[in-house]
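A short write-up of the structure that comes next.
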Amino acid sequence: MQKYKLTIEYDGTNFSGWQIQPEAVTVEKVLEDAFQQILQQRIDLIGQGRTDAGVHARGQVAHVELPDEVDQQKLMYGVNGIIGDEVQVTKMEKVEAGFHARFDALSREYEYTITQRPMPLMNRYSWQLRNEINIQKLEECSQLLNGEFDFAGFSKFNEDNFTTLCEIQLSEIEIGGEVIIFRIRANRFLRNMVRRLVGTMVKVAEGKLSVLEFQDILENPETKTHAFTAPAKGLVLEKIFYK
């Protein structure tokens, strides 16, 4: 058997996330079914991590073991033909037997897109605001995130988490006209973490919370200040970094 690393792009709008779930259409399930249809054998796709329902990806990564005699290019072409336009394998490369998509990942990078007015052509891929926001306060919140923090206050409880500490390696705001992109890179992310960071940052930028209250959630996870969750559709998993 030969191990392959797959890079996958998908529009998450019509999927219940990445991970296989009973009675749900997920990206992982669609991919596994396509591989199995072509190879006529069971395959086990291992993703670097999950994305939630409605979240998109440009650079999701998974690994899979396939028979030695597989024609790599023909298989990739066939899989992409079966799964349709909402999911595509953009790269398929041979890796060493010890490679693991999840455990070998050093960091992950996400982008969240916000528009300052309704933009019909970006509706599926952005949070479209109607209220005026203070960009400076948005940037102040972003700058507070660099470093290691306990993000329990900005995440959904998950009993599988061995820790809620995450090291933020990059946190920045990019402005392009009426479009705002929040870019964040970390060694790991917790469930709903980026969406709750963005949602709360926007509440600060709207004047409904203060920068100090945002900082309080960051530094004191047990605080009673409530974090807000941004819509899933603005979030894109951009890239996974490996050695």
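Overview of results
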item: Residue in segment 159-188 that is most open to solvent (accessible area, probe 1.4 Å), counting only those that are assigned to a loop (DSSP other than H, G, I, E, B) and more than 19 Å from residue 125 (Cβ to Cβ); result: 162
item: Tally of residues being open to solvent by less than 10 Å² (accessible area, probe 1.4 Å) and either among the charged types (D, E, K, R) or in a strand (DSSP E or B) (or both) across segment 54-86; result: 8
item: Residues of segment 140-156 satisfying the condition of being under 18 Å from residue 182 (Cα atoms) and either open to solvent by less than 60 Å² (accessible area, probe 1.4 Å) or part of a helix (DSSP H, G or I) (or both); result: 140, 141, 142, 143, 144, 145, 147, 151, 154, 155
item: Segment 182-202, residues that are farther than 15 Å from residue 239 by Cα and among the aliphatic types (A, V, I, L, M); result: 190, 193, 197, 198, 201, 202
item: Residues within segment 210-243 that are without any contact (Cβ under 8 Å) to a residue 24 or more places away in the chain and under 26 Å from residue 53 (Cβ atoms), tallied; result: 1
item: Qualifying residue in segment 123-139 (condition: part of a strand (DSSP E or B) and either at pLDDT below 95 or closer than 15 Å to residue 182 by Cβ (or both)); result: yes
item: Residues (surrounded by 17 or more Cβ atoms within 10 Å (Cβ to Cβ) and either under 30 Å from residue 29 (Cβ atoms) or under 16 Å from the mean Cα position of the chain (by Cα) (or both)) located in segment 105-121; result: 105, 107, 108, 109, 110, 111, 112, 113, 114
item: Contacts under 8 angstrom Cβ, first residue in segment 129-144 being over 13 Å from residue 206 (Cβ atoms) and among the charged types (D, E, K, R), partner open to solvent by 20 Å² or more (accessible area, probe 1.4 Å) and assigned to a helix (DSSP H, G or I), 6 or more apart; result: 140/211
item: Search result, residues across segment 20-47 that are part of a helix (DSSP H, G or I), of a type outside the set (Val, Ile, Thr) and over 17 Å from residue 75 (Cβ atoms); result: 28, 29
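Yes/no matrix, rows are residues, columns are (1) touching a residue at least 40 places away in the same chain (Cβ under 8 Å); (2) out of contact with any strand residue (DSSP E or B) (no Cβ under 7 Å at 6 or more places or on another chain); (3) more than 20 Å from residue 109 (Cα to Cα):
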site	(1), (2), (3)
5	yes, no, no
11	yes, no, no
30	yes, no, yes
43	no, no, yes
67	yes, yes, yes
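The values are calculated or read from the model by the stated rules, or taken from the named source; none is laboratory data. Computed from a prediction, not measured in an experiment: that's the story for all the values here. Ideal geometry is used to build each Cβ from the backbone, glycine not excepted, and the neighbour counts take in all protein chains shown. The accessibility values were calculated without ligands, DNA or RNA, using every heavy atom of the protein model including side chains. Shrake-Rupley method; radii C 1.70, N 1.55, O 1.52, S 1.80 Å.
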